[in-house]
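Undergrad: Sharing a structure, written as structure tokens. Questions coming.
The values are calculated or read from the model by the stated rules, or taken from the named source; none is laboratory data. Because the structure is predicted, anything quoted here is derived from the model rather than measured. Only protein heavy atoms, including side chains, enter the accessible area calculation; ligands, DNA and RNA are left aside. Shrake-Rupley method; radii C 1.70, N 1.55, O 1.52, S 1.80 Å.
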Amino acid sequence: MSTFEPKIVAFCCEQSGFPAAEMAKTLKLKMPDNLELVPVPCSGRIETLYLLKALESGADGVVVFACYEENCQYLQGNVRLKSRVGYAKQIMTKIGLEQERLEIFHLATNSGVKFSEFLMQKADQLRLLGPNLGKIA
């Protein structure tokens, strides 16, 4: 019997999420087996289309690791992201895809442990939801 290992696409802001990911790797913290890290200059650069495309392309879940709202190097980047994630979740609801498959997580550069813990919890949550059966396509 095979166990389902969810594929998670993690968009990581180069100002917060990506350094946290590097720290988690350096500390050899447990991470989901089926994880794809996508560095981005700022979380505010991620358009709604990219979030949905990741799900359409077979991701079971998408996470965006962003700076705290009051701590964005580009001032309003993560505020724009919040709006885009909200819009993507509206579309997901309309097409019958669970909103839990898309999430923002705010963290600082030195939060490797939080990065790892959140991803492991997200993988557990996605296992309960089951595979994304490509309802976007």
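Undergrad: Calculate one ³J(HN,Hα) per residue across the stretch 92-107 by plugging θ = phi - 60° into the Karplus curve 6.51 cos²θ - 1.76 cosθ + 1.60, and present them in order as whole Hz with x for glycine and proline.
TA: 4, 4, 4, 9, x, 9, 4, 5, 5, 6, 10, 8, 9, 9, 8, 7
Undergrad: Counting only residues 5 or more places away or on other chains, whose amide H sits under 5 Å from the amide H of Ile104 once H atoms are built in the peptide plane?
TA: The answer is Val64.
Undergrad: Can you tell which of Leu27, Leu37, Leu102 shows the greatest fluctuation in a Gaussian network model of the chain with Cα springs below 10 Å?
TA: Taking springs between Cα atoms under 10 Å, the residue moving most is Leu27.
Undergrad: Find the accessible area per residue for the chain; the probe is 1.4 Å, ligands and nucleic acids are left out, and the unit is Å². Don't jump to the answer; show the numbers that get you there.
TA: Values: 7280 Å² over 137 residues.
That works out to 53 Å² per residue.
Undergrad: Now for a different question. Report D for the stretch 1-114 in µm² per second (integer): Stokes-Einstein, Kirkwood Rh on Cα pairs, 20 °C, 1.002 mPa s.
TA: Working: Rh = 14.4 Å.
Translational D for this selection: 149 µm²/s.
Undergrad: Per residue of the chain, what 222 nm ellipticity follows from adding -39500 (n - 2.57) for every DSSP H run with n ≥ 4, rounded to the nearest 500?
TA: -13000 deg cm²/dmol
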